[in-house]
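The values are calculated or read from the model by the stated rules, or taken from the named source; none is laboratory data. Small disclaimer: the values here were computed from a predicted structure and weren't measured. Glycine gets a Cβ as well: all are built from the backbone with ideal geometry, and neighbour counts include every protein chain shown.
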Amino acid sequence: MLYSNTLLFHPHSQKKKSMKKQNIALLFTIITSYILLFRNKSWMSFVDEADNFTGGWLISKGFVLYKDIFSHHMPLPYYHVNLLIKFGMDDVIGLRIGMSLTILFFWVLIIVIFKDKIDYKILSLLIFLSAIAHPLFMGHMFLADSFFAYSTLIIFLYFFSQPQLNFKLIDQIVISLMIFISIMSTLISIYSIIVLVLYYILTKLTQFLRVEKTNIKNQLSSEIKFVFMILAPFILSLILFCLTDSLQQFYNEAYLFNKLYYVQFTGPLTEVRFFEPIKAYSEHIFFYISNVDWLINKKSFIWVVPPWNNTLLFFEGFLVISNLIILVIFWKKRNLYFSILYFSFLAFLRIRGGEFHGSGWIHGVPYYLLSFFSIGFVLTEAYEFLIYKYKLLLNSRRPTTEVKLYIILIVVLYGFLAIIFVGVLSYAYVSNGSGTGEHNNYVSTYDNIIQTITQPNDTIWVAPLEPSLFITNNRLPASRYTFYLPWQSVSDEINEELIEDLKVKKPPLIIFARDAVIWDRYVLKDYGEVIDDYIQTNYYQVDSDDPVYKNVYLINSKRTQLLKTLHNDGLYQPIDAKQLDTGAHIGEITAGSKIVQTFTPSKPGVHRIDLMLATFARKNHGKIIFHLKENLTGDDVYYKTEDISKIKDNSWYTIYFPQFNDSMIGERIYLVIEAPESKPGDAITIYSSKNDTYKMGELYINGQPTGKDLTFRTCWNPYSNNT
């Protein structure tokens, strides 16, 4: 422990901890924690991370941030991406690995600096909890909040481990770098830095009052050097912005834009009244200590997407209790002022991660990491207390009644809650694909479309929120605005510049999800009406009825060529007839059953039909036969036999056939389905509607009309010889 005694028991002698034991424990923690982090290198995606990836990727291609790339965020994450790309980590997975190594660097730095100053159990618990809990706040992602969190945590640990704040030169260098990393990652971190600076100034003023006048000059000189050390990297950054002619743009976008436009939608993220976070955190604490629902409601112990908004969570409640306990310990063991510092620091770290701004989990990582330190500290205190009481009991040196029974019960209860807390985090880790190594991040339905109809030297544009499409498909943006959100649309200057970019670059492809809703309130076609009008006039919407292709727009001058490319490559098959309701199914298709669905082609070149099949979540056997007929008694136009064991559950099954000729347009076609080898319990089914929703055909089972229709769709070829 940092102290030789605790709040709960009297000073006692402790054996010197074995360095070997500490090193083994810390090494084991580092390895285990990194494995937990590394396994999620390909899990989930988030637009803030995609923006960091894209910005850094564009910088690596010679673009100048804030001049050639719009961003209302601070620059450090972009340049860190650029650095990793230079080391060969030039795709999403590589960059995620680079971020995991960055976090590993922070962990190792914490151990190297503080292993001789802070109990190794505290450091081990801090690192382990930050690793196993990371799915809750997307701590594995390349987000500015992680840089903010770890840098401010390291600064605080210096304040915690050195009460007199007499830092050596190397300590001052590290602190200066951490301040730079924090502020250049997210501007709002400046408030938590101000809290530490105020405490530092008050501490030093108190020390100056106690020293002799002859020493004040030397100490003052040392402090001035420290100030210049802190300012040096910021001054260097300003010089670099000047050299790239982007200083004014940096000010306009990273600060002024947020002040003028962003705050209209999010609240005062960049200008916070100083005591508001303290008030908000006080209310948060009172809310949890006055409501025990988080201890007794089973929903409080479950982590699934997304029930958190209106649910009291055990996770948050345990953090509140841990932080309250450590505040009392600091008050009693250090002084009231340090306890006030800790409370204020927690409050300001929580500016973006709690009810104060409603941003919740993703932006809460700075608060969570410091709270994990609280947990590690309190658990270590509790452990040392129990060991001490056990030794007293064995040695009978002091009465066992020296400490009240209720204190022992509190310690045991806290340990029990801590076990539940780790259980909740473990469940969170394995929920929703986390920890499984699933490769599902940044894979888009638009990837094949982009790769097929554009070339690497083509530009594209995407709105509102998929900037990852640029880097994952190696396509440059047609505008310096790589995303388009409501706070950009309120700027006439941005709208005019964006339209001018599109006019000049003439991207052949635009992904424009005009029906997309941002924050459950803002619809792209409404807030982006000016951009929407330009695109509707100058671009061709591929298919307004298709969930993917309604967002795909082709430049008018090339639309025929691009459409043909999409069709010939099998990417776009326009739908003719369809019945998409899956409210029922027709039961098992067994030997002797005859299923007939009629449909009426209305377009030329119909050449494909898709059926929604189901296997009852089992592997079935036999064969299924599909016939296409112009009449039930005539010959087959086409037939196909399929091995039933190859059928996938709850999936579309596609049948290609020779294109219908013009004489079949408007005529009833019969799809006949049989499974001559299937038996009950070893057969498949086909989804259907509950009612007769498709009026141009009927479903018959064994010759009887059902008043329903199969779930199906047919596709036609707009480029067939018949067209």
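Taken together, V523, V530, V490 contain a single residue that is among the β-branched types (V, I, T) and without any contact (Cβ under 8 Å) to a residue 24 or more places away in the chain, which is V523.
With the condition kept exactly as written, say whether any residue in the stretch 652-666 is more than 20 Å from Q573 (Cα to Cα) and loosely packed, with under 13 Cβ neighbours inside 10 Å. Yes, because at least one residue in the stretch 652-666 is more than 20 Å from Q573 (Cα to Cα) and loosely packed, with under 13 Cβ neighbours inside 10 Å. Looking at G55, G139, just one residue is surrounded by 21 or more Cβ atoms within 10 Å (Cβ to Cβ), under 20 Å from the mean Cα position of the chain (by Cα) and part of a helix (DSSP H, G or I), and that residue is G55.
Go through the residues of the stretch 237-245 one by one and say whether even a single one is among the polar types (S, T, N, Q) and assigned to a loop (DSSP other than H, G, I, E, B).
Within the stretch 237-245, one or more residues are among the polar types (S, T, N, Q) and assigned to a loop (DSSP other than H, G, I, E, B).
Can you say whether I93 is in a helix (DSSP H, G or I) and at pLDDT below 95, as far as the supplied structure shows? For I93, the condition - in a helix (DSSP H, G or I) and at pLDDT below 95 - is met. Highlighted here are the strands (runs of 3 or more DSSP E) found entirely within the stretch 586-639 that include at least 1 residues which are small (G, A, S) and either in contact (Cβ under 8 Å) with a residue 24 or more places away in the chain or farther than 28 Å from P718 by Cα (or both): 606-614.
The set of residues in the stretch 209-236 that are assigned to a helix (DSSP H, G or I) and over 23 Å from I193 (Cα atoms) comprises K213, T214, N215, I216, K217, N218. Scanning the stretch 516-540 for residues that are at pLDDT 95 or above and closer than 22 Å to Y572 by Cα gives I535, Q536, N538, Y539, Y540.
Identify, from the list Y700, Y670, the residue that is over 15 Å from I589 (Cα atoms) and surrounded by 13 or more Cβ atoms within 10 Å (Cβ to Cβ). Step by step, each of Y700, Y670 is checked, and only Y670 is over 15 Å from I589 (Cα atoms) and surrounded by 13 or more Cβ atoms within 10 Å (Cβ to Cβ).
Figure legend. Inter-residue proximity from the stretch 278-292: first residues assigned by TED's automatic domain parsing to the domain that holds S339, second residues surrounded by fewer than 18 Cβ atoms within 10 Å (Cβ to Cβ) and assigned to a helix (DSSP H, G or I), beta-carbon distance below 7 Å, spacing 6+ or different chains. Indicated pairs: I285/L324. Close contacts from the stretch 495-514, counting a first residue that is among the basic types (K, R) and a second that is surrounded by 15 or more Cβ atoms within 10 Å (Cβ to Cβ) and outside any helix (DSSP H, G or I), with Cβ to Cβ under 6 Å and a gap of 6+ residues or different chains, come to K505/T459; K505/A478. Among the residues of the stretch 213-231, is any touching a residue at least 60 places away in the same chain (Cβ under 8 Å), surrounded by fewer than 16 Cβ atoms within 10 Å (Cβ to Cβ), farther than 30 Å from W519 by Cβ and outside the structural domain of W519 (by TED's automatic domain parsing)? No, the stretch 213-231 contains no residue that is touching a residue at least 60 places away in the same chain (Cβ under 8 Å), surrounded by fewer than 16 Cβ atoms within 10 Å (Cβ to Cβ), farther than 30 Å from W519 by Cβ and outside the structural domain of W519 (by TED's automatic domain parsing). Against the test of being surrounded by fewer than 24 Cβ atoms within 10 Å (Cβ to Cβ), under 18 Å from H363 (Cβ atoms) and over 18 Å from the mean Cα position of the chain (by Cα), the options M74, M44 yield a single qualifying residue, M74. Taken over the stretch 33-49, the criterion of being assigned to a helix (DSSP H, G or I) and in contact (Cβ under 8 Å) with a residue 24 or more places away in the chain is satisfied by S33, Y34, L36, L37, F38, V47, D48, E49. Scan the stretch 536-562 for residues that are buried (at least 19 other Cβ atoms within 10 Å of the Cβ) and either within 30 Å of the chain's Cα centre (by Cα) or touching a residue at least 40 places away in the same chain (Cβ under 8 Å) (or both) and the total you get is 6.
Rundown of residues vs (1) part of a loop (DSSP other than H, G, I, E, B); (2) in the same structural domain as N323 (by TED's automatic domain parsing); (3) buried (at least 22 other Cβ atoms within 10 Å of the Cβ), yes/no style:
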{"site": "D51", "(1), (2), (3)": "no, yes, yes"}
{"site": "G88", "(1), (2), (3)": "yes, yes, no"}
{"site": "G98", "(1), (2), (3)": "no, yes, no"}
{"site": "F159", "(1), (2), (3)": "no, yes, no"}
